Structure formats: C-alpha cells, structure tokens
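Nothing in this text is a laboratory measurement; each read-out follows from the coordinates by a stated rule. Computed from a prediction, not measured in an experiment: that's the story for all the values here. In this analysis, Cβ positions are derived from the backbone assuming ideal geometry, glycine residues included, and neighbour counts consider all displayed protein chains.
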Amino acid sequence: MSKPYNLEERTFLFAKNVRDLIYKIPSSLANTEDGKQVIRSSGSVAANYIEANEHLSGKDFDYRIKICRKEAKESHLWLNLLNTPHNKNYKEILNQLTNEAEELKKIFSSIVQKRKKLQ
C-alpha cells in the first residue's frame, strides 16, 4: 500500500480500505460488531481531519486533531480484535491497516506536541 503525502487523502483511504476489508471478512457475531466499530472509528479519523482543516480557531483545530488521534487509537484496537485465526485469510491486510492506524496515531500525536510547543 503506497501512502499518499496528503494527510486528508491518507485518512480517507484508511477509512475506505477498512470498509473494503469489512465487506470481505466472514460473517460472525464478533466480526459484525467489531466491524461496525472499526468502520465508525476509521471514518471518524477522516471526518475529523477534514473538520480540523476547516477549523474556526486554534482551539478548534487542536480539539479535532486530538479526536483524530483518539479515533486512530480506537481503530487500532478494533483491527487487532479482528486479527484472529478466524480471519487468517485477511491477516496481511489486517496487519497493514493496524500499522496504518498506528502511524496515523503517531502523526496526530506529533501535531499535538508541536502545537503545544507553539503555545
């Protein structure tokens, strides 16, 4: 998976790739519930990043970026929960998406830290 430099595009692709995965994995109670959660959290990363870019104030930007970080952490959790022997055929994509969630979390954490230093 090549990673776009544009963070808005990157967060969009993350949410889209999560959805593509959830459509493919076998249906089970755990996959359905965890899938719903990861669809919400991954979509929230992308949506809140768009909102951050349309911020009304510095505080609004900071708040949205912190939500992006929180939702990336949550996406990481749900993707890890989906990474079971039941879904072994999707292990590679699950690992890629889990790594992407971790990278996004680090990016948003870095933004938060840099903004704190500026204040």
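Okay, helix-only estimate at 222 nm for the chain: each DSSP H run of n ≥ 4 adds -39500 (n - 2.57), divide by all residues, round to 500 deg cm²/dmol; what do you get? Intermediate results must be reported in sequence, preceding the final value.
Details: 4 runs with 96 residues, N = 119.
Dividing the helical sum by the residues of the chain leaves -28500 deg cm²/dmol.
To the nearest 0.05, how large is the calculated FRET efficiency for Tyr5 and Leu77 if R₀ is 35 Å and r is the Cβ-Cβ distance?
Details: r = 27 Å, r/R0 = 0.77.
Once rounded, the FRET efficiency stands at 0.85.
I want to make sure I understand the PRE zone here: with the label point 7 angstrom from the Cα of Gln119 toward its beta carbon, which residues in segment 57-72 have backbone N atoms less than 19 Å away?
It comes to 57-71, nothing else.
Between Ile50 and Glu102, what is the label-point separation in nm under the 7 Å Cα-to-beta-carbon projection?
2.9 nm
Give me the percent relative contact order of the chain, please, defined on Cα pairs under 8 angstrom at least 6 residues apart.
28 percent
Using label points projected 7 Å from each Cα along Cα→Cβ, tell me how many nm separate Ala30 and Asp60, to one decimal.
4.3 nm
Looking at the chain, I'd like the Rg to Rh ratio, where Rg is from alpha-carbon atoms and Rh is Kirkwood's inverse mean 1/r.
In the chain, Rg relative to Rh is 1.01.
Give me the lysines in straight-line cross-link reach of Lys116: C-alpha distance below 22 Å, same-chain residues under 8 apart excluded.
Reachable lysines: Lys59, Lys66, Lys70, Lys73, Lys105, Lys106.
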